[in-house]
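Colleague: Okay, handing you the structure first.
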Amino acid sequence: MPRESAGVSADVYRRSRMQRERIIKELRERGYRITRQRQVLIDIILENEYSCCKEIYYKAVQKDENIGSATVYRMLKTLEEIGAIARNNMYKISCGAGNGCDHKCVVELDDDTSIELTPMQWKQVVKCGLDACGYTKNQEIRRVNISAHEPQNV
């Protein structure tokens, strides 16, 4: 059992690390400086789910007392603009969950391979699956909402 826990922990760490790198890359591409305070805020958001900016602010001040509430609000707005977080996800990083900062769905297989799908490809996969299982009858998908609070093993 401990071996599985360590594996899960390593997977979560690796996934968080990949999300962090994607966010930082996207910020750099859009001309943002990657300051220590921004890195602290990204790490805090990756650690947990938060229901409001104040929760993030209180956690940030514990790590760096120089971080102001305005910095937190601006960073959250920036992360929302690049698609890394969504308010309906309660300020949780959503990269790689179907609507992330790179606008791709990443499917991880048990042999450690990954398949990246564009939104159009993802929609096509879902449509084929729904059709094959008999859930749809000549209907088109309007929208797919993914609520990924924790990575799911399917």
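Colleague: Being surrounded by fewer than 14 Cβ atoms within 10 Å (Cβ to Cβ), assigned to a loop (DSSP other than H, G, I, E, B) and at pLDDT below 90 is the filter here; which residues of the range 45-78 pass it?
Modeller: Scanning the range 45-78 gives Asn48, Glu49, Ser51, Cys52.
Colleague: Could you grab me the full set of residues in the range 30-44 that are in a helix (DSSP H, G or I) and more than 18 Å from the chain's Cα centre (by Cα)? Please lay out each step first, then the result.
Modeller: Taking the range 30-44 as the starting set, the residues that turn out to be in a helix (DSSP H, G or I) are 36-44.
Scanning the range 30-44 gives Arg36, Gln37.
Colleague: Which pairs have Cβ atoms under 9 Å, sit 6 or more apart or on different chains, and link a residue in the range 18-31 that is touching a residue at least 12 places away in the same chain (Cβ under 8 Å) and closer than 12 Å to Leu79 by Cβ to one that is in a helix (DSSP H, G or I) and basic (Lys, Arg)?
Modeller: Ile24/Arg38; Leu27/Arg38
The values are calculated or read from the model by the stated rules, or taken from the named source; none is laboratory data. Remember, predicted model here, so these are calculated numbers, not experimental data. When we count neighbours, we look across all protein chains shown, and the Cβ atoms used for this are built from the backbone with ideal geometry, even at glycine.
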